Amino acid sequence: MLSGKNLGGLEIRKLDETEPFFDIFIYGDAGVGKTVLSGSADGVPQMRPVLFVDIEFGSNSLRRTYPKVDIVQAKTWEDVQAVKEALSDTDHGYQTVVFDSLTELQKINLYYLLKKAGMSELTDRPGWDEWGLSLEHMRRFVRDMKRLPINTIFTALVDSERDKRGNILMKPLFTGKFQKEAAALFDEVFYYYLREITDPDTEEERSARILLTEGTENATAKDRSGNLGQYLVDPTMEIIYNKMIG
């Protein structure tokens with residue numbers, strides 16, 4: 001038995017004695033409701049107060065749904081890094097931070113690297129050095145945020161490609177190698193989309209928002225909590241949170 005409950009100077013704790021924090025990644029088409037779903041964390045007492053980092057400048061949908069969410073607009077890579085550093089201070093008071101979106105953040109990072117190399121974001125293309133640095137910057141950013149004692153929610157747009165068998169695979173929209181790696185960085189990866197369903201009460205067709213939480217041959221998704229099932233219909237973050245904590 002190890003004495004002092006430490007190993008190599010690191011504290012040993014029982015997992016069920018630690019406060020649960022979740023990292024959630026939601027991707028889908030523009031307009032499907034990713035922003036509102038992320039902002040609905042404000043309706044969960046254990047997840048608020050919420051800080052919404054608006055990278056796409058598309059937070060108006062929260063004005064009528066969750067107007068009490070704190071919003072900061074990040075225009076540059078330096079802005080996002082400043083937010084990250086501020087959140088490293090445990091006195092900030094937030095329980096959840098939303099980054100909307102990682103798709104736009106990757107573009108901003110590439111613009112930053114082009115500018116740093118003395119090139120133009122309008123006329124020049126990133127070279128191998130810029131792509132390599134951008135990949136490492138994005139990896140490090142996500143990992144640094146996941147290490148903080150705070151819930152993190154990230155959004156992204158969706159991309160699709162046809163495999164050799166002709167099936168269409170839905171996956172997060174990124175460029176370069178980050179597209180293949182991104183989903184592996186998160187514990188919870190959800191594909192959010194609209195679908196026509198039959199309402200069980202009225203037996204009429206209606207449009208519903210579907211959150212795919214387990215991967216299929218057509219879409220990337222995963223749930224490391226093991227409590228969400230295959231999909232959720234018209235979800236809120238309260239429903240997701242309560243199911244994840246069991």
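The values are calculated or read from the model by the stated rules, or taken from the named source; none is laboratory data. Not measured: the values here are computed from a predicted model. Note that we place each Cβ from the backbone using ideal geometry, even for glycine, and neighbour counts take in every protein chain shown. Quick note on the areas: whole protein, heavy atoms, side chains included, nothing else; ligands and nucleic acids left out. Shrake-Rupley method; radii C 1.70, N 1.55, O 1.52, S 1.80 Å.
K243 passes all but one of (1) free of Cβ contacts under 8 Å to residues at least 24 places away in the same chain; (2) out of contact with any Leu (no Cβ under 7 Å at 6 or more places or on another chain); (3) open to solvent by 60 Å² or more (accessible area, probe 1.4 Å); which number fails?
Among (1) free of Cβ contacts under 8 Å to residues at least 24 places away in the same chain; (2) out of contact with any Leu (no Cβ under 7 Å at 6 or more places or on another chain); (3) open to solvent by 60 Å² or more (accessible area, probe 1.4 Å), K243 violates only (2).
Filter segment 60-80 for residues that are more than 27 Å from I245 (Cβ to Cβ) and either of a type in the set (V, I, T) or crowded, with 16+ Cβ neighbours inside 10 Å (or both) and give the result.
The answer is V72, A74, T76, W77, V80.
Take the residues of segment 84-108 that are of a type in the set (S, T, N, Q) and crowded, with 22+ Cβ neighbours inside 10 Å: which is modelled with the lowest pLDDT? Before you say what the answer is, go through the steps one by one.
Taking segment 84-108 and keeping what is of a type in the set (S, T, N, Q), we get 88, 90, 95-96, 101, 103, 106.
With crowded, with 22+ Cβ neighbours inside 10 Å added as a condition, the list becomes 96, 101, 103, 106.
Values: T96: 97, S101: 91, T103: 96, Q106: 96.
Only one residue tops the list, namely S101.
Can you run down the residue pairs with Cβ atoms below 9 Å, 6 or more apart or on separate chains, where the first is in segment 84-98 and charged (D, E, K, R) and the partner is open to solvent by 20 Å² or more (accessible area, probe 1.4 Å) and in a loop (DSSP other than H, G, I, E, B)?
Hits for this filter: K84/L148.
Are there any strands (runs of 3 or more DSSP E) wholly within segment 117-189 with 2 or more residues that are open to solvent by 40 Å² or more (accessible area, probe 1.4 Å) and in contact (Cβ under 8 Å) with a residue 12 or more places away in the chain, and if so which?
On the way: elements: 151-156, 158-162, 168-172.
Per the criteria, 168-172.
Mind listing just one residue for me: the one in segment 47-59 that is closer than 17 Å to E238 by Cα and out of contact with any helix residue (DSSP H, G or I) (no Cβ under 7 Å at 6 or more places or on another chain) and, of those, most open to solvent (accessible area, probe 1.4 Å)?
Filtering segment 47-59 for residues that are closer than 17 Å to E238 by Cα and out of contact with any helix residue (DSSP H, G or I) (no Cβ under 7 Å at 6 or more places or on another chain), the one most open to solvent (accessible area, probe 1.4 Å) comes out as P49.
If L185 meets every condition in (1) in contact with a helix residue (DSSP H, G or I) (Cβ under 8 Å, 6 or more places away or on another chain); (2) at positive phi apart from one, which number is that one?
Only one criterion in (1) in contact with a helix residue (DSSP H, G or I) (Cβ under 8 Å, 6 or more places away or on another chain); (2) at positive phi is unmet by L185, namely (2).
For the condition closer than 18 Å to G33 by Cβ, β-branched (V, I, T) and under 15 Å from the mean Cα position of the chain (by Cα), what is the one hit in T213, T220? Give the steps one after another, and end with the answer.
Details: T220 fails: closer than 18 Å to G33 by Cβ.
Exactly one of T213, T220 is closer than 18 Å to G33 by Cβ, β-branched (V, I, T) and under 15 Å from the mean Cα position of the chain (by Cα), namely T213.
Could you please give the count of residues in segment 53-70 that are within 16 Å of the chain's Cα centre (by Cα) and over 14 Å from L105 (Cα atoms)?
Result for segment 53-70: 1.
Being in a loop (DSSP other than H, G, I, E, B), open to solvent by less than 80 Å² (accessible area, probe 1.4 Å) and closer than 28 Å to K107 by Cβ narrows it down to one of G215, G229, so name that one.
Values: G229 fails: closer than 28 Å to K107 by Cβ.
None of the other options fit; the residue is G215.
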